[in-house]
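See below for the structure under consideration.
The values are calculated or read from the model by the stated rules, or taken from the named source; none is laboratory data. Everything numeric in this text was worked out from a predicted model, so none of it was measured. Positions of Cβ are backbone-derived with ideal geometry, glycine not excepted, and every protein chain shown enters the neighbour counts.
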Amino acid sequence: MAARPQLTGRAAILAIVVCAIAMSLAYPIREYVAQRRQIAQLEQERARELAAIKTLDDRHRQLVDPGFIKRQGRERLFYCAPGQKCYVVMGGSPSRDSGAAGERRTATRPPWYATLWDSVKAADSGEGQKAAKAAG
C-alpha cells in the first residue's frame, strides 16, 4: 500500500482559509477590546464628574440658604444682627453656639496682614537673620 501524504491539497487550502479568517478577525476584535476599555474609562470619569456635580450642588444649596449665610457671617466675619450685643474675646478660643455643638471647628489662620506685620517686626528685630544663620 502506498503511503498517503500527510498534508493533502484540501487540508492546505483549509489551513489557509482558517488563517485568513483568523487574521481578518484579529483587527476588529482588538478594536472591540480597545473600545470596551475606553467605554469603561469614560464611565468612571462620568461617575467622578457626577460626584463633583453633586458636591457643587450641595455647596450651592448651602450658599443660597439664608441661615447658612448668617451663621457664616457670625462665625467667620464676626457680624452681628441689628439690636444684638456681640462680644469678641481676644486671645481666647471662640465659644461654640448651642446649634453647632456637634460640629468640630478647625484651627483658623490669622489674617494675612497680621502675618505680614509679624514678619516685618521679626525682620526689624533681626530674628529672621538669627534663624537663617542657625539653619545655614
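Every residue in the stretch 56-89 that is among the hydrophobic types (A, V, I, L, M, F, W, C) and part of a loop (DSSP other than H, G, I, E, B), please. Once the filter is applied, which keeps residues that are among the hydrophobic types (A, V, I, L, M, F, W, C) and part of a loop (DSSP other than H, G, I, E, B), the stretch 56-89 yields PHE78, CYS80, ALA81, CYS86, VAL88, VAL89.
Looking across ASP97, ASP124, one residue alone is modelled with pLDDT of 80 or more and out of contact with any helix residue (DSSP H, G or I) (no Cβ under 6 Å at 6 or more places or on another chain). It is ASP124. With respect to the stated conditions, PRO66 is closer than 30 Å to PRO110 by Cβ, exposed (fewer than 10 other Cβ atoms within 10 Å of the Cβ) and within 33 Å of the chain's Cα centre (by Cα). Across the stretch 100-121, the qualifying residues are those that are of a type in the set (Ser, Thr, Tyr) and modelled with pLDDT of 85 or more, and the one among them that is farthest from PHE68 (Cα to Cα) is SER119.
Looking at GLN38, GLN72, which one is out of contact with any strand residue (DSSP E or B) (no Cβ under 7 Å at 6 or more places or on another chain), polar (S, T, N, Q), modelled with pLDDT of 95 or more and surrounded by 10 or more Cβ atoms within 10 Å (Cβ to Cβ)?
Criteria check complete, one pass: GLN38.
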